[in-house]
1. Take the residues in the stretch 36-86 that are under 20 Å from residue 159 (Cα atoms) and of a type in the set (Ser, Thr, Tyr); name whichever of them is surrounded by the fewest Cβ atoms within 10 Å (Cβ to Cβ).
2. Could you list all residues from the stretch 209-231 that are over 29 Å from residue 248 (Cβ atoms) and of a type in the set (A, V, I, L, M)?
3. So is residue 97 touching a Gly at 6+ places or on another chain (Cβ under 9 Å), of a type in the set (A, V, I, L, M, F, W, C) and either modelled with pLDDT of 95 or more or within 30 Å of residue 9 (Cβ to Cβ) (or both) or not?
4. Among the residues of the stretch 210-228, write down those that are surrounded by fewer than 22 Cβ atoms within 10 Å (Cβ to Cβ), part of a strand (DSSP E or B) and out of contact with any Phe, Trp or Tyr (no Cβ under 8 Å at 6 or more places or on another chain).
5. Please state which one of 134, 123, 175, 166 is open to solvent by 60 Å² or more (accessible area, probe 1.4 Å), closer than 30 Å to residue 295 by Cα and touching a strand residue (DSSP E or B) at 6+ places or on another chain (Cβ under 8 Å).
6. Just name the residue that is farthest from residue 50 (Cα to Cα) out of those in the stretch 88-128 that are in contact with a Pro (Cβ under 7 Å, 6 or more places away or on another chain) and in a loop (DSSP other than H, G, I, E, B).
7. Yes or no: the stretch 146-156 includes at least one residue that is hydrophobic (A, V, I, L, M, F, W, C), modelled with pLDDT under 95 and surrounded by fewer than 22 Cβ atoms within 10 Å (Cβ to Cβ).
8. Consider the stretch 186-209. How many of its residues are part of a strand (DSSP E or B) and crowded, with 19+ Cβ neighbours inside 10 Å?
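The values are calculated or read from the model by the stated rules, or taken from the named source; none is laboratory data. The structure presented is a predicted model; accordingly, all values stated were derived computationally and were not measured. Cβ: placed from backbone, ideal geometry, glycine included. Neighbour counts: every protein chain shown. These accessible areas exclude ligands, DNA and RNA; they are computed on the full protein's heavy atoms, side chains included. Shrake-Rupley method; radii C 1.70, N 1.55, O 1.52, S 1.80 Å.
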Amino acid sequence: MKTSDVIIIGAGIIGNSCAYYLAKRGYKVTVLEKSDIIGNGGSSRNGGGVRQSGRDPRELPLAMYGIEHLWPTLSEELGYDVEYHKKGNLRLGKTEAHLKTLKKLADSASACGLDVRMINGDEVRQINPYLSDEVIGASWCPTDGHANPLKATLAYYMAARKLGVEFITGEDVKEIKKIKGKARQVITQTDTYEGDYIVLAAGMASRAIAGTVGIDIPMVSKLIECLVTEAEPKMFEQMLGTAEADFYGHQTDHGSFVIGGSTGFELYKKDNGTPMNYSDTVPCICRGIIRYIPMLKDAKIVRAWAGWSDNMKDGVPVIDTVSEVPGLILACGFTGHGFGIAPGVGTVVSQLVAGEKPVCDISGLKYDRFYAKDIKTA
């Protein structure tokens, strides 16, 4: 049996961030990863958005804290360039219905103290002249941005290793075991690991693992697909999204565009247990892109990828201790937008382990929000 202060299940950016901030506090940490590759799930398969706009108010404090206090100096702290750029986020609309959706989101975020506002089509093209005349307005958040998902995930991994964190890949977790009522052991196909705390950050796999101690996390998997173009001349640095979420993305430091999108059929596609691209998705994304950014109509696609998102029932993650299972901390269900809040999540989880009050409000992300409340009996 191998022992540590904290056992983390999952070596995506959430697990790696938790490992880094815990090790920074002096905890002995072991990270278990089912894949042979670090960050092989959604952490290396996303659009790289570091945004506050368009978020549910319950997770907005994490996003705002990270962008103000963590992302700006993350490359220097971790000793590796994560390609973070704070150049704003345009969420685009082409119809009055789109603008109504965007305004509702903007008003909600503004009420939480975020600098986000609605702008008209002319103002949109002053910020980004490459956008088409079909865009009649947008929400604009100047403090949003983007980073490189793979580099950020690996940066946390490398920095955590330098602090003594042990990463064990190819280790398939079978169950969590309670000892005297407390989560103490993680059982894999080959070994047993014991710790004072267990952090469950394994994406969609978290649901089955949590089920071994009687906890159900109401989430389902959804396929997310992205494409990458050849390098293009430098055009713009903003993160882009749309009211309908039909595409999102940015131009990288390399010059290529990383753009994600959907067809609307992601929940209904068959799979063999591995994330796989479908022939209809890239053409669907491209048709949308051309209407927003006509200059990309001749851009060549060099590759595409797919990944699973752990979509929570109500659209926001669970980041919390579990009263029924002391010693267990959940950090999962990020619903396709966990990358940008990962530094904040790692910080908060390290505080939960230390018994400290979280640096920002996570009260809306508690596990007990799914409990049946106020049930009236006859």
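1. That would be 73.
2. 209, 210, 213, 215
3. Spelling it out, it is not the case that residue 97 is touching a Gly at 6+ places or on another chain (Cβ under 9 Å), of a type in the set (A, V, I, L, M, F, W, C) and either modelled with pLDDT of 95 or more or within 30 Å of residue 9 (Cβ to Cβ) (or both).
4. Once the filter is applied, which keeps residues that are surrounded by fewer than 22 Cβ atoms within 10 Å (Cβ to Cβ), part of a strand (DSSP E or B) and out of contact with any Phe, Trp or Tyr (no Cβ under 8 Å at 6 or more places or on another chain), the stretch 210-228 yields only 220.
5. Matching residue, one of 134, 123, 175, 166: 123.
6. Step by step, filter the stretch 88-128, then rank; the result is 112.
7. Yes, there is a match, as at least one residue in the stretch 146-156 is hydrophobic (A, V, I, L, M, F, W, C), modelled with pLDDT under 95 and surrounded by fewer than 22 Cβ atoms within 10 Å (Cβ to Cβ).
8. Final tally of qualifying residues: 7.
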